[in-house]
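The structure appears right after this line, and notes come after that.
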Amino acid sequence: MYKRLILNDILKRIQEPRQFIQVLIGPRQVGKTTLVSQLLEQLNSIYHFASADEVTLKDSVWLQQQWEQARVLLKENQQVLLIIDEIQKVIAWPAIVKKLWDEDSAKNSNIKVLLLGSSPLILQQGLTESLAGRFETIPITHWSFTEMQEAFGWQLEQYIYFGGYPGAASLIHDENRWRRYITDSLLETTISRDILLLARIDKPALLRRLFYLGCQYSGQILSYHKMLGQLQDVGNTTTLAHYLDLLSAVGMITGLSKFAGQSVRQRAASPKLQVFNTALMTALGNYDFEQAKTKGEYWGRLVESSVGSYILNQSIYHQSKVYYWREKNKEVDFIVQRQNKLIAIEVKSTNQRMSLSGLAEFNKIFKPDHIIQVGGREGLPIEKFLQTPLTTFLA
């Protein structure tokens with residue numbers, strides 16, 4: 001559903017008069033290259049495609065060579081689309097893109113440029129520092145339950161356990177093979193190529209252990225000091241917070257801040273760990289699909305993390321912020337804020353009657369626009385919530 005909307009959006013932008021560089025930003029294996037293939041089928045345009053996704057970084061000469069090939073094609077065509085995949089792997093790419101784009105703009109050359117990248121934090125730095133006023137970003141996120149259901153016929157329990165990686169969908173009937181794909185081809189590649197290769201990491205082993213810890217404790221609030229204790233490291237909390245930001249930037253795990261109405265207090269509070277895709281939890285976990293469904297506490301954390309990942313990915317599309325809230329023994333799983341709209345969401349994985357005192361207390365203090373219970377005997381069914389756009393509540 002969302003990918004179709006994005007494809008239509010890209011088509012519309014590419015067909016407009018040459019104005020901006022289009023930048024598709026999103027984690028690995030969420031369909032960026034597939035979207036481009038579908039775009040080319042519908043656009044029926046002359047194009048040049050090149051990928052910088054190799055173990056070693058590409059240099060600026062390589063990028064200039066790709067651009068020159070597009071210029072050669074333009075001599076015999078009215079318009080050319082230049083597509084560079086994994087642009088963040090090119091050394092000093094923002095300055096080179098700016099130079100070449102400005103040269104073509106001065107000549108009124110009709111070269112449309114589409115850049116793809118899987119390291120949002122690094123990409124955004126380059127875009128805002130060197131390419132201000134020259135680009136538009138299009139976020140591509142992990143697949144939703146609706147998308148996995150439409151593409152592969154998945155049921156809710158399959159989505160909760162196997163998550164939203166379309167490239168791994170065909171492997172779920174051989175779980176050992178599925179796990180190897182997730183861990184070797186996806187997780188390890190993301191850490192080694194999108195973080196360690198591109199950012200200064202003084203303690204790479206600590207970053208890896210933090211990632212595994214985040215997957216293990218997804219859905220739980222954990223202070224940075226407790227994390228350091230779990231990781232058996234004497235590092236400082238600032239380093240840990242920075243590493244968590246990097247893992248969040250590549251769409252793996254994040255630390256939700258506490259909602260308090262004051263940004264200083266939000267940052268100072270202990271983060272709530274949350275994966276962007278439940279496959280990150282289960283591929284590294286101890287239970288297979290059938291076993292996981294019988295483990296009440298573990299399955300409950302998967303359900304909450306599945307809802308949380310949907311909220312997180314939706315928030316990227318709709319530019320909203322996601323928090324948690326807790327005061328003493330009262331807690332609300334997710335708080336979503338966009339401009340003047342506020343939503344409180346509590347997740348229940350069983351049909352047992354459970355206290356909703358956290359929602360009641362939050363409502364009394366902050367007066368949110370919507371209070372939503374997901375799951376449970378009286379709540380909105382989990383399947384229905386995962387099929388409902390977040391904008392339904394934010395409108």
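Read-outs throughout are calculated quantities, based only on the coordinates presented, and are distinct from any laboratory measurement. On a predicted model such as this, the values are computed, not experimentally measured, just so you know. Note: ideal-geometry Cβ built from the backbone for every residue, glycine included; neighbour counts use all protein chains shown.
In percent, rounded to a whole number, the relative contact order of the chain is 13, using alpha-carbon pairs under 8 Å and six or more apart. Computed over the stretch 2-139, the alpha-carbon pair-distance distribution with 10 angstrom bins reads 11, 47, 36, 5, each value a whole percent.
Taking Cα atoms only, the orientation of helix 32-43 departs from the longest principal axis of the chain by about 50 degrees.
Here is the link list: K295/K364; K32/K89; K258/K348; K328/K367; K258/K364. Which ones come out longer than 26 Å on Cα distance? Among K295/K364; K32/K89; K258/K348; K328/K367; K258/K364, the Cα-Cα distance tops 26 Å for K295/K364. Summing charges over all other residues whose Cβ lies under 15 Å from the Cβ of P204, with Lys and Arg as +1 and Asp and Glu as -1, gives +1. Principal-axis analysis of the Cα atoms of the chain puts helix 60-74 at an angle of about 60° to the longest axis.
For a straight C-alpha distance cut-off of 17 angstrom, the aspartates and glutamates reachable from K99 (same-chain residues fewer than eight places away being disregarded) are D59, E68, E129.
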